[in-house]
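A.B. asks: Please find one structure pasted underneath; my questions will follow.
Nothing in this text is a laboratory measurement; each read-out follows from the coordinates by a stated rule. A quick note: this is a predicted structure, and the numbers were derived from the prediction, not measured. Cβ atoms come from the backbone with ideal geometry, glycine included; neighbour counts cover every protein chain shown.
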Amino acid sequence: MTQEKIVAFIDIGTNSARLLVVSIGENGAYHMLTRIKDVVRLGEGEYTAGKIQEDAGERLMRVLKRFMDLSRSLGATEFVAMATSAMREAVNSQEIVGKIGSELGLEIQIISGKEEARLIHLGVAAGISLGNETALFIDIGGGSTELIVGGQYTYAALESMRLGAIRVTSQCIKKGFTGALPPKRQTKMMNRVMTVAMPILQRISAFPFTRCIGSSGTTINLAEIAQKLYHAAETPKKPILLLSDLENLYPYLCSLSLEERRKVPGINPDRADIILAGAAILLAVMKTLKIPEIEISDRGLREGILMDYLAEMPGTPQSERMPVKEASILQLGRSCRLEEKHAQKVQEITLRLFDSAKECGLHNYGAWERELLAQAAWLHDVGDFLSFVGHHQHGEYIIRNTELLGFDQREILILAKIVRYHRKKLPGRKDSEFGSLTAADRDRVRIMALFLRCAELLNRSHADAVADVRYLNKKGDAVVLDVVPAAGADLTLELTSLVPETVLFAKVFGKKLILQR
């Protein structure tokens, strides 16, 4: 009998928060226990003020508490929560994430636009059969619109536009306005959408596709309205939205007041105030890319989070492909022409130090930290691509400014800081970004950077002179670093260069480090 675990997946969007609770078996087989959403309007007021408003933050807190209570009542023991546009752009997002963490015990990952697009593709594509076809996936959210060109398992293009139903509404429709939208304002809104969208749509147009699939509440609701208004007597084989219908629907909805829109057949009344902006975005995409119809999917980011989770479980169908994090790290290193043999050796030594230090009781970190350290070790010299001088700082810059798929903002920051401090000084007061990490994460950076520093110095000649290395406990308040040379190798240079690290070791661990070979 297989042992199952119950996991709750939460998608915190700009307009709505969504919950998916799933029971997962050891072989990756899963079945859904519940799937709900609630309106949070997290982006309301943000795109003019630059921060999430207090009442929006309180709404989110209440919804998340309800989600967690429901999930626990179903037996959930693990929570995976991701936040998108509103959180990644708000200046006070870390404050809100911290409050949720302390009050609800829920850790939230804030993901980039391209990472959001990747996960949406995973979630939507898993629910359709594409065969050898390539499709354009469109997801219109409250703060951003994601566009993906891809097949069943792979993608050719990932794009995220700063266009969403709430964002465009706040930019183009005066707060409190409830009347019909006059032609001049319609033109203003469409011009705003096209100004932002056109460069991205031009890039997307370079990738051929034979189908178009739309997800998200905005697209689903527009298709429902069009069905009720124009095809009520028909029973469609599959839910679709025709461009010709949308071209009629957009001006019609604009001609109605807010109260009149709420009474339109098929409309979700909660979306009546933002549906005009959503329709403008979708119309701009479909007309520009000459898309005659769009298929409708009720899957999206939360299903993508589930698929990504399953891909990390050994033995599941989703895990047969290279893990996305591993692929991202490998791609970045190779794009910066990394010296792979040296990177691999430093990675090997670093992990040996990490493992033996754990055996000595110097830390109690697990698989997550070990994987991050391995990734940092692989990328430690990526800054050489710009210049060897200051390459540790260049490496940090490259990692922070590359959208590493599969990683959240916290992981990227920790990864970048380990690379930054693999040489020269350890973190100081001038590094404000380091100070923004939690105390526990600052300790992680210091400890893991120390392992990487020592490993780099033990292969400083790139000659693979070290056969093995490990920390050994010694009586009293001391630890021995036992370094085994490769056959015929002289480690005088390597061991001499490690002497300053014994001082840092004492500061980090409070123990004396003795070098031995």
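A.B. asks: Cut-off under 24 Å on the C-alpha distance; same-chain residues fewer than 8 positions from LYS430 excluded. Which lysines are left, in chain and number order?
C.D. replies: Cross-link targets: LYS417, LYS507.
A.B. asks: Please find the FRET efficiency linking GLN202 to GLU133, where r is the Cβ-Cβ separation and R0 is fixed at 30 Å, and quote it to the nearest 0.05.
C.D. replies: The value I calculate is 0.85.
A.B. asks: Moving on to the next point. Only helical DSSP H runs with n ≥ 4 go in: add -39500 (n - 2.57) per run for the chain, normalise by residue count and round the 222 nm mean residue ellipticity to 500 deg cm²/dmol.
C.D. replies: Rounded to the nearest 500, the figure is -15000 deg cm²/dmol.
A.B. asks: Let me ask something additional. If R₀ is 41 angstrom, what is the calculated FRET efficiency for the pair ALA487 and ASP443, using the beta carbon separation as r and rounding to 0.05?
C.D. replies: 0.60
A.B. asks: What does the extension gain come out to for ALA126 and VAL389, with contour length at 0.36 nm per residue minus their alpha carbon separation?
C.D. replies: Using 0.36 nm per residue and subtracting the Cα-Cα distance, I get 90.1 nm.
A.B. asks: Quick check for you: which residues of the stretch 270-286 have the amide N under 19 Å from the point 7 Å beyond the Cα of MET194 toward its beta carbon?
C.D. replies: Residues 276-286 fall inside that zone.
A.B. asks: Bins of 5 Å, beginning at zero and ending with the bin holding the largest distance: percent of Cα pairs per bin for the stretch 324-516, please.
C.D. replies: The percentages, shortest bin first, are 1, 8, 17, 21, 21, 16, 10, 4, 1, 0.
A.B. asks: Ok, one more. Averaged over every viewing direction, what's the projected area of the C-alpha convex hull for the stretch 366-418? Give it in nm², one decimal, please.
C.D. replies: Projected over every direction and averaged, the Cα hull of the stretch 366-418 covers 3.4 nm².
A.B. asks: I would also like to ask the following. If exposed GluC sites (Glu not before Pro) are those in a DSSP loop with at most 15 other Cβ within 10 Å, what is the longest stretch of the chain that has none?
C.D. replies: Answer - 340-517.
A.B. asks: Another one. If you only keep lysine pairs separated by 8 or more in sequence, or across chains, how many in the stretch 128-298 come under 18 Å at the Cα atoms?
C.D. replies: 8
A.B. asks: With a/c under 1.5 counting as rounded, go ahead and sort the stretch 128-298 into rounded, prolate or oblate using the C-alpha gyration tensor (a ≥ b ≥ c being the square roots of the eigenvalues; past the cut-off, prolate if a/b is larger than b/c, else oblate).
C.D. replies: oblate
A.B. asks: Then there's this: Would you order TRP368, TRP378 from fewest to most other beta-carbon atoms within 10 Å of each residue's own beta-carbon?
C.D. replies: TRP368, TRP378
A.B. asks: Project the alpha carbons of the stretch 197-328 onto their principal axes and report the range along each, largest first, in whole Å.
C.D. replies: 53, 30, 29
A.B. asks: Please identify the trypsin sites (Lys or Arg not before Pro) of the stretch 110-210 that satisfy two criteria: DSSP loop assignment and at most 11 other Cβ atoms within 10 Å. Which are they?
C.D. replies: Answer by residue number: LYS174, LYS175.
A.B. asks: Continuing with the same structure: Going out from 0 in 5 Å bins, what whole percent of all Cα-Cα distances in the stretch 86-183 drops into each bin?
C.D. replies: P(r) for the stretch 86-183, in whole percents per bin: 3, 11, 17, 15, 14, 14, 12, 9, 4, 1.
A.B. asks: What does a probe at GLU234 reach in the stretch 285-313, counting residues whose amide N is under 18 Å from the point 7 Å along Cα→Cβ?
C.D. replies: 291-297
A.B. asks: In nanometres, what is the gap between the two model label sites at ASP468 and ASN248, each 7 Å from Cα along Cα-to-Cβ?
C.D. replies: 7.8 nm
A.B. asks: Cα axis of helix 93-104 to longest principal axis of the chain: angle in degrees, 0 to 90, nearest 10?
C.D. replies: 80 degrees
A.B. asks: Starting from the 7 Å offset along Cα-to-Cβ, what nm value, one decimal, do you get for the label separation of THR496 and LYS341?
C.D. replies: Result: 2.5 nm between the two label points.
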